[in-house]
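The values are calculated or read from the model by the stated rules, or taken from the named source; none is laboratory data. Quick caveat: nothing in here was measured; it's all calculated off a predicted structure. Glycine gets a Cβ as well: all are built from the backbone with ideal geometry, and neighbour counts include every protein chain shown.
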Amino acid sequence: MNDSQTLMIYNAILATTGKMLIAAQNSEWDQLTKLEKECRQLTESLIKNDPDPILDEELLQKKVKIIHQILADDAQIKAITEPWLKKLEGMLNTRDRTYSLQQAYQSIS
């Protein structure tokens, strides 16, 4: 993989994380999951095809800038999804406790 192709993949990852952020902001969880898989595939492709690229200084600076933007998107996505995941976890735990209580009372009757 040449330098240009490497940067193209980094840019594709950035574009995908941008879409992921929009999906998270709009509570489009199925879309977010789909985009997360796409991002993972792009990342795996990058690692597989160019595990340790040697870039000139200009391309290295572009790569670093892209990575910082990806990390910023990721931080915003986590800030949105973590509270939602905790709420979902709480709902599931409540449902499990309710089911356990129902089972216990049914066995007593």
Using the structure shown, decide if Lys48 is free of Cβ contacts under 8 Å to residues at least 60 places away in the same chain and either farther than 16 Å from Asn2 by Cα or within 16 Å of the chain's Cα centre (by Cα) (or both). no
Can you tell me which residue within the range 21-68, out of those that are basic (Lys, Arg) and modelled with pLDDT under 95, is nearest to Glu82 (Cα to Cα)? Lys63
Could you grab me the full set of residues in the range 1-20 that are modelled with pLDDT of 95 or more and among the hydroxyl-bearing types (Ser, Thr, Tyr)? Thr16, Thr17
Go through the range 1-55 and give me each residue that's loosely packed, with under 13 Cβ neighbours inside 10 Å and outside any helix (DSSP H, G or I). Asn2, Asn26, Ser27, Pro51, Asp52, Ile54
